[in-house]
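See below for the structure under consideration.
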Amino acid sequence: MDVAKRIFRFNAGRDARLLERKYARIAADPFVFLRGTCHLFFEDWRGGRELDAAPNAWICGDLHLENLGSYKGDNRLAYFDINDFDEAALAPCTWEVARFLVSLHVGTRSLGLDLREARALSRCFLDAYVAALADGKPRWIERSIADGLIGTLLGRVEQRRRKDFLNRHTVKDGKRRRFLIDDEHLLALKNDEREALLDWFGRYAARQPDAKFYRPLDVAQRIAGTGSLGLARYAILAQGKGSPNGNYVLDLKLAGNSSVGKRLPKRQPEWPDEAMRIVTVQKRMQAIAPAFLTPVDFVDRAFVLKELQPLQDRLDLSAVQGKVKPLSAVIGSMGQLVAWSALRGSGRQGAACADDLIAFAQDSRWTRALIDYVEDYTPKVIADWRRFRKVWQSMQKQSGKQKS
């Protein structure tokens, strides 16, 4: 099937306003296209026997350069880790690594790096991943000794003040805050949807040990992400610690199916719902999870509730435009993080035990097959992006003619 038709079919039924934004974004850049079409990667997967025979591990399922970032954990300390688990599933550990390396090859083109440099960075990631997996001990990046881009980002997150964050996304109405509807990050809800959400969260708050903390002050539709854009997603302003500067902003996101799990249904455990899958695997794979992370049910659909993390808590890779050395350090750290996350989930609900992962890392002949697959598949991503861009531009021109 034509790639554009595959994308339109996958996204059918989503919010039309936000879906148009998604299509415009993925048509504009090949890396954004890769980020927004995770389903294509796993529909296309033909890694072969050597890669598919790798030990099963819990994977985030959509690993790419921008799905690792900083956030404040439930202990209020800053961490740098994998931070998106919508596609989480049980799969050969090589699938996770392959998706990241494809994103590296596609993304580095935008950073002014050539194929030789992309290959060097891929090797850097693989060497760090294999060494950390072979070591067998899941660790995390210490804030006190982190340096380079990661150290800078962790320091910024550690120093972030709630008041400053609130002032960017809310306005004061007397002694109370309400959301700033800017049509870029937040959209106003229709009255019936707004009242339904406030009523539901009010009842949710009443069931919590500290009901006043969760008391809802305002709600809005949230615009964030790329792959999930168009799915139901909300921001909730909660009372928090009492004063306007002590308010908390929570993220409520519809839990969809995993593209990885769809490809390997027989390997997946039975989950009560998709939100439970996402939350369970996230808590399993991260060193520390973000605050308030929990599965909930709203309007008879499964959602994930957690503290809203600012979009700025990502690495600014544009700062290393054309420079391999500072990027190498970051990529190596990412390789370690991916290995550590697999080790944390080892032996759980069908995942290989740590000893199997260690043995797999010690015999790293599979890395050659992985590199070959990545370099063969990357041109297809670029070609698919160009095909989609052409279709989307044609549709926009046709729409413009009809309006005129």
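The values are calculated or read from the model by the stated rules, or taken from the named source; none is laboratory data. Here the structure is a predicted model, which is why all the values come from computation and not from measurement. Here the Cβ is made from the backbone with ideal geometry for all residues, glycine too, and neighbour counts use every protein chain on show. Accessible surface is based on the protein model in full, side chains and every heavy atom, while ligands, DNA and RNA are left aside. Shrake-Rupley method; radii C 1.70, N 1.55, O 1.52, S 1.80 Å.
Would you work out what percent of the accessible area of the chain, with all protein chains in place, is carbon or sulfur (probe 1.4 Å)? Write down the numbers at each step before the final one.
Working: 8920 of 18220 Å².
Exposed carbon and sulfur together represent 49 percent of the surface.
Straight-line reach from K323: which lysines fall under 28 Å, measuring Cα to Cα and dropping same-chain residues less than 8 apart?
Excluding near neighbours in sequence, the set is K380.
Calculate the spin-label point distance for T152 paired with A206, positioning each point 7 Å from the Cα along the beta-carbon direction, and give it in nanometres.
Between A206 and T152, the label points sit 5.0 nm apart.
Based solely on its DSSP helices, what 222 nm [θ] is calculated for the chain when runs of n ≥ 4 H residues each add -39,500 (n - 2.57) and the sum is averaged over all residues, nearest 500 deg cm²/dmol?
Values: 15 runs with 199 residues, N = 404.
After summing the helix terms and dividing by residue count, I get -15500 deg cm²/dmol.
Identify which of the listed values of Rg and Dmax of the Cα atoms in Å was calculated from the structure shown: (1) 23.4, 72; (2) 21.5, 73; (3) 21.3, 66.
Only one listed value fits the structure, namely (3).
At a threshold of 8 angstrom on Cα-Cα distance, excluding pairs fewer than six apart, so keeping six or more, what relative contact order does segment 68-187 reach in percent? If you can, show how the numbers build up before the last one.
Details: 67 pairs, mean separation 27.7, N = 120.
With pairs under 8 Å counted, the relative contact order is 23 percent.
Can you give the local net charge around P326? Use residues other than it whose beta-carbon is closer than 13 angstrom to its beta-carbon, Lys and Arg +1, Asp and Glu -1. Could you put the intermediate results ahead of the total?
On the way: positive: K323, K325; negative: E117, D147, D316.
That sum, taken over residues with Cβ under 13 Å, equals -1.
Just the number please: accessible area per residue for segment 54-187, 1.4 Å probe, all protein chains included, in Å². It would help to have the intermediate numbers written out before the result.
Numbers: 5430 Å² over 134 residues.
Solvent-accessible surface per residue comes out at 41 Å².
If we count GluC sites (Glu not before Pro) as exposed when they sit in a DSSP loop and have at most 15 other beta carbons within 10 Å, what is the longest stretch of the chain that avoids them all? Don't skip to the answer; put the middle values down first.
Working: sites that count: E142, E184, E270.
My reading of the result: 1-141 is the longest stretch.
What are the trypsin sites (Lys or Arg not before Pro) within segment 125-222 that DSSP puts in a loop, where the Cβ has at most 11 other Cβ atoms within 10 Å?
Details: sites: R139, R143, R156, R160, R161, R162, K163, R168, K172, K175, R176, R177, R178, K190, R194, R203, R207, K212, R222; in loops: R139, R143, R160, R161, K175, K190, R207, K212.
Hits after loop and neighbour filter: R161, K175, K190, R207.
Taking only Cα atoms, what is the 0 to 90° angle, nearest 10, from helix 148-159's long axis to the longest principal axis of the chain?
20 degrees
Just list whichever of K175/K241; K212/K241; K137/K325; K5/K190; K22/K390; K262/K283 have alpha carbons separated by over 20 Å in the model shown. Present the calculation step by step, with values, prior to reporting the outcome.
Numbers: K175/K241 14 Å; K212/K241 9 Å; K137/K325 27 Å; K5/K190 31 Å; K22/K390 15 Å; K262/K283 22 Å.
In this structure, K137/K325; K5/K190; K262/K283 lie more than 20 Å apart at Cα.
What accessible area per residue, rounded to a whole number of Å², is obtained for segment 231-326 using a probe radius of 1.4 Å?
Working: 4120 Å² over 96 residues.
Heavy-atom SASA per residue in segment 231-326 reads 43 Å².
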